[in-house]
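Everything on this sheet refers to the single structure shown next.
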Amino acid sequence: MTSTATSKPDILMIDPMPDDITQRLADHFTLHRYRGMDALGPVASSIRGVTTGGGAGLKPEIMAALPHLEIISVNGVGTDQIDLVEAKRRGIRVATTQGVLDDDVADMAIGLMIDVMRGISANDRFVRAGHWGKLPVPNSHALTGKKVGIVGFGQIGSIIAERADALRMTVAYYARHRKDGVSYPYFDSIVALADHVDVLILAVPGTPETRNMVNRAVIDALGPNGYLINIARGSVVDEPELVAALTEERIAGAGLDVFVDEPHVPEALLALDNVVLQAHRGTSTVEVRTAMGHLVIDNLLAQFAGKPLLTPVI
């Protein structure tokens, strides 16, 4: 099966999308759902575009099997699971949904911080277990006046800073370079930042450079009164070191939306009351998922109309 000049471009969908977005895709394109390499074979030569999520990306063997691939439109901002070097070599465009999800991801970071520091989920379990009135109600920790360190100060990091300001917390940040026009204190070492703050929030992309950047040294610098919040990528943290630190109470707690081997969560975390766990839900609101889905489609439409992509990566 091949596309002609008058037929709709063939698109391969790696990850499922909401029904209304899938219908709009089907209105504009010939849609093929990915069901394995064997099923892909008969249509591989006709595929001109791919839709996928940031977590799934596009495996090298799938990319290699698509000789006429022109564009990968990502429903998310992560590109760590896409070989961008190979895509650039082949002239394959890559677009993400950058810009439409920043507020919701920042909200998740703040929500996780409030939850773990105030013990909201832990106290919910306490009440449901019938302990209220029978056992002392656990105290939690205040947010006002605490120091927040933001690792990565792009758009999401800056929005997190604004929200932390509103909570009357003190903000500092670490990034590869000092940001122009940013008045918050800058640290050129993540260890130094961790040692300075009460809460460390990770808002960096998952790349080879950021893999395991939160290691034993960073965790030890954060210390027994410190909290770690990760809405970035699981790969950013040395997960076994984090699990050990939480289990041994070498840090006070963590709020985690992402993990190294999703959807698998280290079993040791499941029993800990000082950890709040989420299923990579930073962008999981109706409003944002709808906007993201339409941007995925709009980038595809721009590509096949010969127009500039709205949110290109390459």
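Points worth noting:
- Nearest-ten-degree value, helix 155-166 long axis tilted from longest Cα axis of the chain: 30 degrees
- Of 200, 22, 160, farthest towards positive along the dipole that unit charges on Lys, Arg, Asp, Glu beta carbons give the chain: 22
- Around the Cα centre of region 165-280, unit charges on the Cβ atoms of Lys, Arg, Asp and Glu (plus for the first two, minus for the last two) sum to a dipole of about 440 debye.
- With at most 16 other Cβ atoms within 10 Å, longest stretch of the chain clear of loop GluC sites (Glu not before Pro) (DSSP): 1-208
- Protein-only accessible surface order, largest first, of 174, 34 at 1.4 Å: 34, 174
- Prolate/oblate/rounded call for region 156-217, Cα gyration tensor, a/c under 1.5 rounded: prolate
- Solvent exposure of region 1-111, expressed per residue, is 46 Å² of accessible area, with all protein chains present and a 1.4 angstrom probe.
- Check: the chain dipole with +1 on Lys, Arg Cβ and -1 on Asp, Glu Cβ, in debye: 420 debye
- Considering only 254, 94, 78, and ranking their Cα positions along the charge dipole of the chain that arises from unit charges at the beta-carbon of Lys, Arg, Asp and Glu, the one farthest toward the positive end is 94.
- Of the whole protein surface, residue 88 contributes about 150 Å² of accessible area at a 1.4 Å probe radius.
- Alpha-carbon Rg/Rh ratio, for region 99-175, with Rh computed the Kirkwood way: 1.10
- Under 18 Å of direct C-alpha separation, and excluding same-chain neighbours fewer than eight residues apart, residue 8 reaches these lysines: 307.
- Cβ-based net charge around residue 118, under 13 Å, with every Lys or Arg adding one and every Asp or Glu removing one: -2
- With Cα atoms, 0 to 90° folded angle of helix 102-118 axis to the chain main axis: 30 degrees
- Difference of contour (0.36 nm per residue) and Cα-Cα distance, residue 137 to residue 85: 13.3 nm
- Amide H to amide H distances under 5 Å link residue 255 with 228, 229, 230, 276, where only residues 5 or more positions off or on other chains count and H is placed in the peptide plane.
- Dipole of the chain, positive end: most advanced residue of 213, 227, 306 [Cβ charges, Cα centre]: 306
- Sulfur and carbon atoms: percent of accessible area, the chain [1.4 Å]: 52 percent
- Cut-off 15 Å between beta-carbons: net charge of the residues surrounding residue 265, Lys and Arg +1, Asp and Glu -1: -3
- Our summary of shape: the Cα atoms of region 124-274 have principal axis extents of 54, 34, 24 Å, ordered from largest down, in whole angstrom.
- Over 30 Å between alpha carbons, listed pairs 88/147; 59/179; 147/179; 59/147: 88/147; 59/179; 59/147
- Potential lengthening of the chain between residue 129 and residue 314 amounts to 61.4 nm, from the contour at 0.36 nm per residue minus the alpha-carbon distance.
- Principal-axis tilt of helix 19-28 within the chain, Cα atoms, nearest 10 degrees: 30 degrees
The values are calculated or read from the model by the stated rules, or taken from the named source; none is laboratory data. Computed from a predicted model, the values in this text were never measured in an experiment. We place every Cβ from the backbone using ideal geometry, glycine too, and count neighbours over all the protein chains shown. With ligands, DNA and RNA removed, areas are computed over all heavy atoms of the protein, side chains included. Shrake-Rupley method; radii C 1.70, N 1.55, O 1.52, S 1.80 Å.
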